[in-house]
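The values are calculated or read from the model by the stated rules, or taken from the named source; none is laboratory data. Everything quoted here is computed from the prediction, not taken from an experiment. Every residue, glycine among them, receives a Cβ derived from its backbone with ideal geometry; neighbour counts consider all protein chains shown.
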């Protein structure tokens with residue numbers, strides 16, 4: 001099983017469908033409305049990380065799971081009446097990972 005398959009299984013086992021849907025909407029809305037939606041995206045990322053941390057997922061697997069969640073977002077979420085939804089995932093992935101690491105370790109100091 002590849003690292004990405006393990007990461008996707010971790011997402012499926014540790015993050016609720018409702019939480020991934022919030023992540024999907026926030027990620028794809030960020031490209032449409034820019035800065036105001038970044039706070040929503042960050043909140044959605046932090047909620048996913050909290051789910052993973054509560055499931056005792058380690059930091060490396062957490063990062064891989066968040067990346068898998070983001071990559072699969074385009075598959076799970078398609079805005080209504082949008083044949084070719086825009087995505088700025090490549091641009092946002094580094095920021096998503098930074099937020100994830102910060103959230104994962106925020107109470108460990």
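Here are some notes:
- From 60, 25, 31, 11, residue being modelled with pLDDT of 90 or more, farther than 12 Å from residue 100 by Cβ and not in a loop (DSSP other than H, G, I, E, B): 11
- Residue 68 vs. criteria modelled with pLDDT under 85, under 16 Å from residue 93 (Cα atoms), surrounded by 19 or more Cβ atoms within 10 Å (Cβ to Cβ) and in contact with a helix residue (DSSP H, G or I) (Cβ under 7 Å, 6 or more places away or on another chain): no
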